[in-house]
Structure formats: structure tokens, C-alpha cells
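A.B. asks: Below: one structure in C-alpha cells.
The values are calculated or read from the model by the stated rules, or taken from the named source; none is laboratory data. In this text the structure is predicted, and so the values were computed from the model without any measurement. Here Cβ is always computed from backbone atoms with ideal geometry, including for glycine, and neighbour counts include all displayed protein chains.
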Amino acid sequence: MWKISLAFILIAGLSTFYFTSSAYKQTSDSIQQRTFFDATGKLHVMGVVLEESTLRDAEIAFRSRSDSAVFLYPKETKEGQEPQFTGKLEAYFPSIADHTKILLTMIISDADLETMRQRSSKPRIYPNGVIRMNLSSQDILGIQRMVIQELTLIPNLQLDERTIFAQFGKPTITTKVSSSETIYTFPNIGLTATINNEGKDKLIFRNKN
């Protein structure tokens, strides 16, 4: 694939935000076109600041409404053990240009997440074992004020190593998880890029700490 492959992050109505290597090396007058760590160590990406911006801030930046829910992700357990899960509060943006998915993970304590889970709707279990629970009307309003911890892009187009290197340069760490999955780590821009030939590719942005 060529550089156009990463044009999946264009957002309708916004100043275009391209993930090319020059986006990280050159100064831009538009903060929405820059991905960088500020003096406090917080990552600015796609017009939001991780661990500072709220979900409402993201909806304004993306000009899109989000769909939020509690998700329980299954942990690996030994045979005979009770199933265990990792809980997350996530907001999903389904209406970004060219069907690219944006997923935000929100900052929430375990106790507050459990309270929210108890107020949520009947769980929906996906084939991969992930459980989704829709939020109560009370929590749908409250999540708007919650702070973003992590931003994940799931492109509509299949990525490859050549495209990743062309856009972001050489990764600091390359981890071969399996014959079909490789993880590339770029700490200078808070990015972990995963290419999965048998699943979904992901670009995950998070702060260093």
C-alpha cells in the first residue's frame, strides 16, 4: 500500500489530519494536525489531550456522537478456573470518514466501574467472549464529563509493515507475537501499532506513564 493507505484518519468537517512522518517532525499552525507530548508529558492527538480532554471534548473535535458502554474482556485462565475479566469503559465513534473506527478508553476507578456495571443493561456476549453492557441513562450523561485515557484507531484498510515504516519511521521496538501478528512501538509519539493478518490492525495512542 501507498501513503494514501493512512488517509483513513480523515475526519469530515475537520482540518485534515494525516499520519505521515512529516506530521511529527514539522511545526504546524493547527494543533489538530500535530501529535506530540507537551511539557507535562501528555499526548496531543487528533485534537484531544490524553488524560486531560473529556469525552465531550472529543465529540466536539471529531464532530460526531459517541456510543459508550462497559466492556468486559476475558483474561487467560487455566483449565477449571472461574472465568475472569478486565473491565473497561469505552466510547466508540462509528461515523468517522471511510468507516475507520475510533475507540476511546475512559479513566475510571474499579469501584465506579463496578457501580456502573450494576446499573447497566442485560449483558450481550460476543463470539470472542467479550461482554458488552449498555449504560443506564444516568451514566450516559455522566460519561460526557469523564477524561480520556487512551485513543485507538482501527483502520478500514489493511496495513502492512512498509506502510507503518513509511508513515512513522523505524519503531523503537518490534515484537513478533505470532506468525500473523506483529507489534511496533513508537514511544516518541505514544504509539503502539499492531498488524494482525488474521484480525484487526490497530493504532493505539497513550501517554508514556
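A.B. asks: Being closer than 25 Å to residue 35 by Cβ, of a type outside the set (Phe, Trp, Tyr) and touching a strand residue (DSSP E or B) at 6+ places or on another chain (Cβ under 9 Å) is the requirement here; does residue 173 meet it?
C.D. replies: yes
A.B. asks: Filter the stretch 136-165 down to the residues that are among the aliphatic types (A, V, I, L, M) and farther than 27 Å from residue 199 by Cβ, then identify the one that is nearest to the chain's Cα centre (by Cα).
C.D. replies: Taking the candidates together, the pick is 147.
A.B. asks: Could I ask something else about it? Which of the residues spanning the stretch 115-151 are among the polar types (S, T, N, Q) and either closer than 19 Å to residue 85 by Cβ or part of a helix (DSSP H, G or I) (or both)?
C.D. replies: Passing the criteria: 115, 118, 120, 121, 128, 134, 137, 138, 144, 149.
A.B. asks: While we're looking at this one, here's another question. Out of the stretch 56-89, which residues are under 17 Å from residue 113 (Cβ atoms) and part of a strand (DSSP E or B)? Step through it out loud before you land on a result.
C.D. replies: Taking the stretch 56-89 as the starting set, the residues that turn out to be under 17 Å from residue 113 (Cβ atoms) are 68-75, 84-89.
Answer for the stretch 56-89, where residues must be under 17 Å from residue 113 (Cβ atoms) and part of a strand (DSSP E or B): 68, 69, 70, 71, 72, 73, 74, 85, 86, 87, 88, 89.
A.B. asks: Using the structure shown, decide if residue 47 is modelled with pLDDT of 90 or more and farther than 19 Å from residue 166 by Cβ.
C.D. replies: Numbers: modelled with pLDDT of 90 or more: yes; farther than 19 Å from residue 166 by Cβ: yes.
Yes, satisfied.
A.B. asks: If I filter the stretch 121-134 for residues that are surrounded by 15 or more Cβ atoms within 10 Å (Cβ to Cβ) and within 24 Å of residue 52 (Cα to Cα), do I get at least one hit?
C.D. replies: The first filter runs over the stretch 121-134 and keeps only residues surrounded by 15 or more Cβ atoms within 10 Å (Cβ to Cβ), leaving 131-134.
Now narrow it down to the ones that are within 24 Å of residue 52 (Cα to Cα): none.
No, because not a single residue in the stretch 121-134 is surrounded by 15 or more Cβ atoms within 10 Å (Cβ to Cβ) and within 24 Å of residue 52 (Cα to Cα).
A.B. asks: Give me a count of the residues in the stretch 60-84 that are without any contact (Cβ under 8 Å) to a residue 60 or more places away in the chain and surrounded by 15 or more Cβ atoms within 10 Å (Cβ to Cβ).
C.D. replies: 4
A.B. asks: Hey, can you tell me all the residues within the stretch 152-174 that are under 27 Å from residue 58 (Cα atoms) and in a strand (DSSP E or B)?
C.D. replies: Residues satisfying the conditions are 152, 153, 154.
Yes/no matrix, rows are residues, columns are (1) crowded, with 20+ Cβ neighbours inside 10 Å; (2) at pLDDT below 95; (3) under 25 Å from residue 89 (Cβ atoms):
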position: 162; (1), (2), (3): no, yes, no
position: 166; (1), (2), (3): no, yes, no
position: 172; (1), (2), (3): no, no, no
position: 206; (1), (2), (3): no, no, yes
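A.B. asks: Shifting gears a bit: Out of the residues in the stretch 193-209 that are of a type in the set (D, E, K, R) and touching a Leu at 6+ places or on another chain (Cβ under 9 Å), state the one that is farthest from residue 48 (Cα to Cα).
C.D. replies: Out of the qualifying residues, it is 201.
A.B. asks: Could you list, ordered by first residue, the pairs with Cβ atoms under 7 Å in which the first is in the stretch 175-190 and within 11 Å of residue 208 (Cβ to Cβ) and the second is assigned to a loop (DSSP other than H, G, I, E, B), at least 6 apart or interchain?
C.D. replies: What qualifies is 187/172; 187/208; 189/35; 190/207; 190/208.
A.B. asks: Which residues, counting only those in the stretch 175-201, are part of a strand (DSSP E or B) and within 19 Å of the chain's Cα centre (by Cα)?
C.D. replies: Restricting attention to the stretch 175-201, the residues satisfying the condition of being part of a strand (DSSP E or B) are 175-176, 181-186, 191-196.
Result: 181, 182, 183, 184, 185, 186, 191, 192, 193, 194, 195, 196.
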